[in-house]
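To keep things clear, I will list the structure first and then write my remarks on it.
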Amino acid sequence: LAAAVLVTVTSACGLTGGTPISTVGEVEFERPLAVPPLAPSRVDADGVRVFSLTAQQGESEFEEGVRTTTWGFSGAHLGPTLRASRGERVRVEVTNELEETTTVHWHGMHLPAAMDGGPHQPIAPGGTWAPEWVIDQPAATLWYHPHPHGETEEHVARGLAGAFLLDDRDASALPLPREYGVDDVPVIVQDVRFDGDGEFERGQGDFVGPLGDRLLVNGTLGPFLDVTTESVRLRLVNASPARVYDFAFADDRSFDQIATDGGLLAAPHRTDHVRLSPGERAEIVVRVGPGERVVLRSRPPELGGTVPFGGSNGGGDSFDVLELRAADALRPSPAVPTSLVALEDIPDLDRPSAERRFTLDSTQINGQNMDMARIDEVVTLDTTEIWHVRNDMAMPHNFHVHDVQFRVLSVGGEVPPPELNGWKDTVYLPPQVEFRLGLRFEDYADPASPYMIHCHLLRHEDTGMMAQFVVVEKGQKPAMMIGENDEH
Ligand code: C2O
Ligand code: CU
């Protein structure tokens, strides 16, 4: 039902026109997929695993002989993959060598608000910031990126993004592909556009923000991946400013989706496509035969995809993303287990402490633009809440919550589809459909440091489609001005 509504609404709202972008069949796949290096770390005398990251400007040669000015963490473009296990205390020493203020946000991470890296933790040019926290959440594919208020799109689109992988004992005990860069590979997708000099060009784009006509996958244009095992696990990260992808294989083969944003599903979801809006992740396991070549693609609705828009053309865009090239002899891989992890239930869903409504309209949430000095919601520690989230526009948005992984309880009053039946921190919001989310707030209260709630279409976020909440101990008052919207 939702999909049918979307297509109608989108084509009726004036976004059609222009020729759909399609790179299907045109990408040469002539470059090996870059695999972001695992970030080195040391364990200090107190047992803290310490990483360091430097935000810096550099030059990248995406195409031979063409130089593009890019930003990266500890390199010219993107950043290394951070990796840590549940129970570990970590510290990331971030240095800002850019000429402007940035921040680093750990997207999907449960951690104290002062370590969150949102707009309230700026790192001045030449400055450093060293957040420290204990990893205490299930194994997952998280990511990190800047979050300076009003500048997030620019910083991310220039290349500041990286994967942050979490491990835990339950996930590591499963017979899933886990050899990093061999059969377990991050796939960080960003759409870009180049100007005549080979520089990134973002332009105005339309209401959704900038939409590119070429894809960088881990910073590689036209990538192939040599596969040497029967199964490969792809950790898909939509790090694009605005584009929604509907990933599928060119031959429509099915695969197992094993994880959502915040961790493994209870059981693999057998499917032939996975839709990701900006900020969302999915882990999939796909099987290949000896000598096979198969293309991962983002397909438009008319090919069976469910992406209601891809930009100014109203949704016809399609991209060839990555070619898997299987060797003639493949190492055997075990089948994906029929059950994965025990998904913990959120307690007290039947008697939530609060229910809140968030309506997304224009570039506002509940009729207001983000104000750094205003707290919009005050949440009490150790409580469960139900949030009713609705996109009131004819345009799609999505909804991201810092600090917690939530569960989708219903979509338009219906049971959520299997791909939403796991831990999520970002959810795609088709127009006019109410999502009910269950959230549990634990461990960290800080009346003086807010977390963010926002649309992850970065231009929307930058123009104020963002709100702030604090988590406080029972009876505690926030140390900032409270907005009128906090009444429920
Ligand atoms: Cu990925 Cu508030 O961000
Ligand atoms: Cu939006």
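Some points to look at:
- For F441, the test of being away from ligand 2 (no atom under 16 Å from the Cβ), among the aromatic types (F, W, Y) and not assigned by TED's automatic domain parsing to the domain that holds E154 is passed.
- Leading residue by the ranking (nearest to I453 (Cα to Cα)) among those in region 344-403 that are small (G, A, S) and away from ligand 2 (no atom under 16 Å from the Cβ): A373
- Filter pass, V415 being within 29 Å of D443 (Cα to Cα), modelled with pLDDT of 95 or more and not assigned by TED's automatic domain parsing to the domain that holds E280: no
- Inside region 402-456, residues that are out of contact with any helix residue (DSSP H, G or I) (no Cβ under 6 Å at 6 or more places or on another chain), under 16 Å from L276 (Cα atoms) and β-branched (V, I, T) make up a count of 2.
- Any hit, region 336-348, residues being within 16 Å of ligand 1 (Cβ to nearest atom), at positive phi and in contact (Cβ under 8 Å) with a residue 24 or more places away in the chain: no
- Strands (runs of 3 or more DSSP E) completely within region 360-427 that count 1 or more residues being among the β-branched types (V, I, T) and more than 20 Å from G464 (Cβ to Cβ): 377-380, 383-391, 407-411
- Residue match in region 456-477 (condition: touching a strand residue (DSSP E or B) at 6+ places or on another chain (Cβ under 9 Å) and closer than 30 Å to L340 by Cα): yes
- From the list E473, E434, the lone residue that is surrounded by fewer than 18 Cβ atoms within 10 Å (Cβ to Cβ), modelled with pLDDT of 95 or more and touching a Leu at 6+ places or on another chain (Cβ under 6 Å) is E473.
- Qualifying strands (runs of 3 or more DSSP E) (wholly inside region 193-300; at least 2 residues being farther than 26 Å from G316 by Cβ): 223-229, 231-238, 255-260, 263-271, 281-287
- Going through (1) within 24 Å of L343 (Cβ to Cβ); (2) modelled with pLDDT of 95 or more; (3) surrounded by 18 or more Cβ atoms within 10 Å (Cβ to Cβ) one by one, Y428 falls short only on (2).
- Filter result for E344 (in a helix (DSSP H, G or I) and among the acidic types (D, E)): no
- Residue within region 393-402 that is buried (at least 21 other Cβ atoms within 10 Å of the Cβ), among the hydrophobic types (A, V, I, L, M, F, W, C) and touching an Asp or Glu at 6+ places or on another chain (Cβ under 9 Å) present: yes
- Checking P148, P138 one by one, the residue that is in contact (Cβ under 8 Å) with a residue 60 or more places away in the chain and in contact with a strand residue (DSSP E or B) (Cβ under 8 Å, 6 or more places away or on another chain) is P138 and no other.
- Condition met for L221 (in contact (Cβ under 8 Å) with a residue 60 or more places away in the chain, surrounded by 23 or more Cβ atoms within 10 Å (Cβ to Cβ), outside the structural domain of H77 (by TED's automatic domain parsing) and not β-branched (V, I, T)): no
- Candidates are the residues of region 434-487 that are more than 23 Å from W133 (Cβ to Cβ) and β-branched (V, I, T); the one that is nearest to ligand 1 (Cβ to nearest atom) is T463.
- Residue satisfying all of: in region 138-177; over 14 Å from the mean Cα position of the chain (by Cα), within 16 Å of ligand 1 (Cβ to nearest atom) and assigned to a loop (DSSP other than H, G, I, E, B); surrounded by the fewest Cβ atoms within 10 Å (Cβ to Cβ) among these: G150
- Residue check, Q432 under 30 Å from F207 (Cβ atoms) and assigned to a strand (DSSP E or B): no
The values are calculated or read from the model by the stated rules, or taken from the named source; none is laboratory data. All values reported here derive from a predicted model rather than from experimental measurement. Cβ atoms come from the backbone with ideal geometry, glycine included; neighbour counts cover every protein chain shown.
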